[in-house]
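Accompanying notes for the structure given below.
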Amino acid sequence: MAKVLLIAEHDGTSLNPNTAKCIACAAQIPGAEIDVAVFAETAGDIAAEAATLDSVARVLSSEGEAYRGALAAVLAPQIVKLADGYEYIFGPSTTFGKDLMPRVAALLGVNQISDLMSVEGERTFKRPIYAGSAVVTVEVPGGVPVIATVRTASFRAVAGGNSAPVEALDLAAEMPDHTRFIASETGKSDRPDLQSASRVVAGGRALGSEENFDLIYKLADRLEAGIGASRAAVDAGYVPNEMQIGQTGRIIAPDLYIAIGISGAIQHLTGIKDAGTIVAINKDEEAPIFEVADIGLVGDLFSVVPELTEALN
Amino acid sequence: MEKILVGLKRVVDYNVRVRVKGDGSGVETEGVKMSINPFDEIALEEALRIKERGEANEVVIVSIGSGDAQQQLRTGLAMGADRAILVETAEAPDPLSGARALLEIVKRENPELVILGKQAIDDDNSQTGQMLAALWDRPQATFASKLEFDGNSARVTREVDAGLDIIEVDLPAVVTADLRLNEPRYVKLPDIMKAKKKPLDQVPLAELSVPDSPAIAEKNFEPPAARERGIMVDDVAGLVSALKDKGLL
Ligand SMILES: Cc1cc2nc3c(=O)[nH]c(=O)nc-3n(C[C@H](O)[C@H](O)[C@H](O)COP(=O)(O)OP(=O)(O)OC[C@H]3O[C@@H](n4cnc5c(N)ncnc54)[C@H](O)[C@@H]3O)c2cc1C
């Protein structure tokens with residue numbers, strides 16, 4: 001038996017879809033017995049949701065006001081208290097998990113695997129490096145827990161239908177007050193979430209302005225797609241940072257990805273290489289995006305995109 | 001603030017197309033352009049701006065690496081750092097050992113603020129800042145895109161998947177820099193000359209008595225699964241029918 005502790009991500013009310021992908025990864029460890037830990041101000045609904053996920057043995061839930069904002073400095077000591085007896089401690093490779101898991105690892109005095117993309121054996125895994133230009137096989141030495149963030153785009157979410165028991169935790173670890181959560185500014189939108197959308201339309205520097213990005217929104221609406229962007233488009237202020245796809249943004253795996261006016265820099269491509277079908281629209285036939293595109297169209301986006309939106313009517 | 005400590009890592013330049021060695025033992029670094037990790041450059045730029053605003057007196061840069069990393073430290077000095085420390089080691093340390101080495105430097109220097117890049121673009125680990133903060137038992141503010149000070153605390157805007165988070169941390173603290181924190185300055189020639197006279201101390205890693213940590217072994221390197229180049233279509237009608245063929249419409 002291999003005991004796995006998996007840290008759930010949530011937004012305060014519901015479970016983040018990445019959690020089910022993390023569980024899928026953990027379930028590939030031979031003999032995995034997976035406990036999901038939920039730390040939240042009000043954990044009830046989130047824990048109940050986690051309990052429905054396949055492969056989950058138990059849900060451990062801990063409530064407290066201090067969990068607001070999911071601060072690593074607050075969460076890490078709780079996880080360390082809980083860590084005893086677990087051979088594996090996993091979290092998602094999202095900004096939540098990347099912030100938290102190295103703090104946990106350091107407190108436990110062990111190293112951490114970032115962006116775990118495949119399970120090759122009990123203690124052997126693969127992960128990408130150099131913006132995905134290379135894949136390295138890593139092996140964790142015996143006698144220490146395996147701490148990892150999971151590259152969730154590499155795994156398909158487990159199904160629901162389980163009814164695992166939920167147990168309340170009383171950890172009583174210290175709650176440091178040197179770090180305080182002030183506020184979140186999240187771009188709430190009715191569009192499909194970029195991370196879990198089955199279709200994503202993304203725009204690059206070529207859009208030229210925030211107003212012109214409207215072309216992307218219209219096409220996305222027609223396709224019921226999520227919306228992404230290159231770093232250049234975010235840096236230029238056309239769209240907010242949460243839309244950035246790539247090495248330092250979101251890593252996504254939609255069935256369909258349409259890149260519009262995006263050149264295809266390696267730092268961008270690493271965020272989309274798991275997409276089912278990549279479509280590229282670019283006026284430069286030499287653009288590197290065409291080297292990875294399944295369907296390419298050379299043309300001016302300002303005429304092609306409205307025409308495409310119209311054609312999908 | 002008396003002092004800001006900034007970490008600079010020497011990495012393969014972000015413009016280099018990295019290739020895996022034929023025998024799978026690593027990636028090709030021979031004769032390849034090396035630079036300061038872009039996120040660390042942003043970290044340094046932020047520290048310099050804080051100092052230039054009169055909110056800090058000294059900016060110290062530190063690199064853990066081989067003697068070659070002196071080049072990157074000299075560039076950092078030319079950007080405006082006051083002095084540099086090279087923690088010398090032939091072998092790149094694992095992240096935990098790196099964080100422990102930085103902790104020893106932190107104990108010697110007593111900075112009120114440590115700014116590191118949010119990740120290094122070679123191993124893409126994104127761990128060092130968080131680990132240092134944990135070992136130091138101090139706050140961490142990762143993925144920072146804005147930094148403001150108010151007496152003994154800092155207000156940090158963080159780029160997170162859902163948008164932006166704002167947190168407040170007591171100093172001393174560790175901040176890790178994201179891309180949009182600032183745009184680093186270009187180094188001017190006279191500054192490169194001046195940088196040659198600035199102090200650069202060398203400390204062998206062994207001298208810091210960092211305990212052994214269980215390193216994760218890197219067994220094999222391989223190129224990523226390649227995506228095949230697909231088809232080109234002539235117009236929107238062609239695109240729509242290609243999408244239909246794939247069952248995507
Ligand atoms: C440390 C680091 C991290 C990075 N992380 C990321 C990341 O996470 N994500 C990311 O995306 N980038 C990242 N980058 C930046 C990356 O290197 C590129 O600079 C960026 O992706 C370029 O964005 P772009 O394709 O929109 O712009 P450009 O490269 O300028 O490409 C614009 C494209 O639009 C085309 N075009 C112009 N006009 C038209 C038109 N009218 N119709 C059709 N096509 C047109 C052009 O032919 C060109 O191919 C990172 C860089 C660094 C150094």
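Which condition breaks for A:Met175 when tested against (1) open to solvent by 30 Å² or more (accessible area, probe 1.4 Å); (2) farther than 30 Å from B:Ser25 by Cβ; (3) touching an Asp or Glu at 6+ places or on another chain (Cβ under 8 Å)? The single condition A:Met175 does not satisfy is (3).
Rundown of residues vs (1) touching a residue at least 60 places away in the same chain (Cβ under 8 Å); (2) away from every other protein chain (no Cβ under 12 Å); (3) basic (Lys, Arg); (4) within 16 Å of the ligand (Cβ to nearest atom), yes/no style:
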| position | (1), (2), (3), (4) |
| --- | --- |
| B:Ala84 | yes, yes, no, no |
| B:Gln130 | no, no, no, no |
| B:Leu147 | yes, yes, no, no |
| B:Asn152 | no, no, no, no |
| B:Val169 | no, no, no, no |
| B:Val174 | yes, no, no, no |
| B:Arg180 | no, no, yes, yes |
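Tell me yes or no: at least one residue of segment A:125-134 is without any contact (Cβ under 8 Å) to a residue 12 or more places away in the chain, facing chain B (nearest Cβ under 10 Å), part of a strand (DSSP E or B) and over 20 Å from A:Gly12 (Cα atoms). Yes, that holds for at least one residue. Within segment A:253-267, being more than 9 Å from the ligand (Cβ to nearest atom) and within 11 Å of chain B (Cβ to nearest Cβ) holds for A:Pro254, A:Asp255, A:Leu256, A:Tyr257, A:Ile258. Take the conditions (1) open to solvent by 40 Å² or more (accessible area, probe 1.4 Å); (2) under 23 Å from B:Glu2 (Cβ atoms); B:Met79 misses just one of them, which is (1). Across segment B:204-234, the number of residues qualifying as part of a loop (DSSP other than H, G, I, E, B), surrounded by 14 or more Cβ atoms within 10 Å (Cβ to Cβ) and more than 7 Å from chain A (Cβ to nearest Cβ) comes to 1. Within segment A:91-101, can one find any residue that is over 15 Å from the mean Cα position of the chain (by Cα) and either open to solvent by less than 30 Å² (accessible area, probe 1.4 Å) or within 10 Å of chain B (Cβ to nearest Cβ) (or both)? No - not one qualifying residue is present in segment A:91-101. Among the residues here, A:Glu211 qualifies as charged (D, E, K, R), within 18 Å of A:Leu301 (Cα to Cα) and either within 14 Å of the ligand (Cβ to nearest atom) or not in a helix (DSSP H, G or I) (or both). Across segment A:273-313, the qualifying residues are those that are among the hydroxyl-bearing types (Ser, Thr, Tyr) and more than 9 Å from the ligand (Cβ to nearest atom), and the one among them that is nearest to the other protein chains (Cβ to nearest Cβ) is A:Thr277.
Inside segment A:179-196, residues that are of a type in the set (Asp, Glu) and more than 10 Å from every other protein chain (Cβ to nearest Cβ) make up a count of 1.
Restricting B:Asp23, B:Asp94, B:Asp13 to those that are open to solvent by 10 Å² or more (accessible area, probe 1.4 Å) and over 28 Å from A:Gly249 (Cα atoms) reduces the list to B:Asp23. Just so you know, in segment A:178-208 the residues that are of a type in the set (D, E, K, R) and at pLDDT 95 or above include one that is farthest from the ligand (Cβ to nearest atom), and it is A:Arg180. Among the residues of segment A:1-26, those that are assigned to a helix (DSSP H, G or I) and closer than 17 Å to A:Gln195 by Cβ comprise A:Asn18, A:Thr19, A:Ala20, A:Lys21, A:Cys22, A:Ile23, A:Ala24, A:Cys25. Quick one: would you say A:Ala220 is away from every other protein chain (no Cβ under 13 Å), crowded, with 16+ Cβ neighbours inside 10 Å, in a loop (DSSP other than H, G, I, E, B) and more than 9 Å from the ligand (Cβ to nearest atom)? When the stated conditions are applied, A:Ala220 does not pass them.
For segment B:82-121, give me each residue that is more than 16 Å from B:Asp178 (Cα to Cα) and assigned to a loop (DSSP other than H, G, I, E, B). Correct list: B:Asp82, B:Thr89, B:Ala90, B:Glu91, B:Ala92, B:Pro93, B:Asp94, B:Asn110, B:Pro111, B:Glu112. In segment A:54-69, is there at least one residue being aliphatic (A, V, I, L, M) and in a loop (DSSP other than H, G, I, E, B)? Checked against the condition, which is being aliphatic (A, V, I, L, M) and in a loop (DSSP other than H, G, I, E, B), segment A:54-69 yields no hits at all.
Among residues belonging to segment A:223-240 that are of a type in the set (A, V, I, L, M, F, W, C) and within 13 Å of the ligand (Cβ to nearest atom), point out the one that is surrounded by the fewest Cβ atoms within 10 Å (Cβ to Cβ). Filtering first and then ranking leaves A:Ala236. For segment B:1-28, residues that are assigned to a strand (DSSP E or B), within 16 Å of the ligand (Cβ to nearest atom) and not aliphatic (A, V, I, L, M) total 2. Scanning segment A:282-313 for residues that are in a helix (DSSP H, G or I) and open to solvent by less than 20 Å² (accessible area, probe 1.4 Å) yields A:Ile289, A:Phe290, A:Leu301, A:Val304, A:Val305, A:Leu308, A:Thr309.
Hey, any hits in segment A:197-212 for a residue that's open to solvent by 20 Å² or more (accessible area, probe 1.4 Å), without any contact (Cβ under 8 Å) to a residue 40 or more places away in the chain, within 14 Å of chain B (Cβ to nearest Cβ) and not acidic (Asp, Glu)? No, segment A:197-212 contains no residue that is open to solvent by 20 Å² or more (accessible area, probe 1.4 Å), without any contact (Cβ under 8 Å) to a residue 40 or more places away in the chain, within 14 Å of chain B (Cβ to nearest Cβ) and not acidic (Asp, Glu). Taking every residue in segment B:29-52 that is within 16 Å of the ligand (Cβ to nearest atom) and pairing it with any residue that is in a strand (DSSP E or B) and open to solvent by 40 Å² or more (accessible area, probe 1.4 Å), at least 6 positions away or on another chain, the pairs with Cβ-Cβ distances below 8 Å are B:Met34/B:Arg10; B:Ser35/B:Arg10; B:Ile36/B:Arg10; B:Asn37/B:Arg10.
Taking segment B:189-203 as the range and being open to solvent by 20 Å² or more (accessible area, probe 1.4 Å), outside any strand (DSSP E or B) and in contact (Cβ under 8 Å) with a residue 12 or more places away in the chain as the test, the residues that pass are B:Asp191, B:Ile192, B:Lys194, B:Lys196, B:Lys198, B:Pro199. Looking only at residues in segment A:245-277 that are open to solvent by 10 Å² or more (accessible area, probe 1.4 Å) and among the small types (Gly, Ala, Ser), which one is farthest from A:Phe155 (Cα to Cα)? It comes out as A:Gly261.
The values are calculated or read from the model by the stated rules, or taken from the named source; none is laboratory data. Note that the coordinates shown come from a computational prediction; the quantities given were computed from them, not determined experimentally. Note that we place each Cβ from the backbone using ideal geometry, even for glycine, and neighbour counts take in every protein chain shown. Quick note on the areas: whole protein, heavy atoms, side chains included, nothing else; ligands and nucleic acids left out. Shrake-Rupley method; radii C 1.70, N 1.55, O 1.52, S 1.80 Å.
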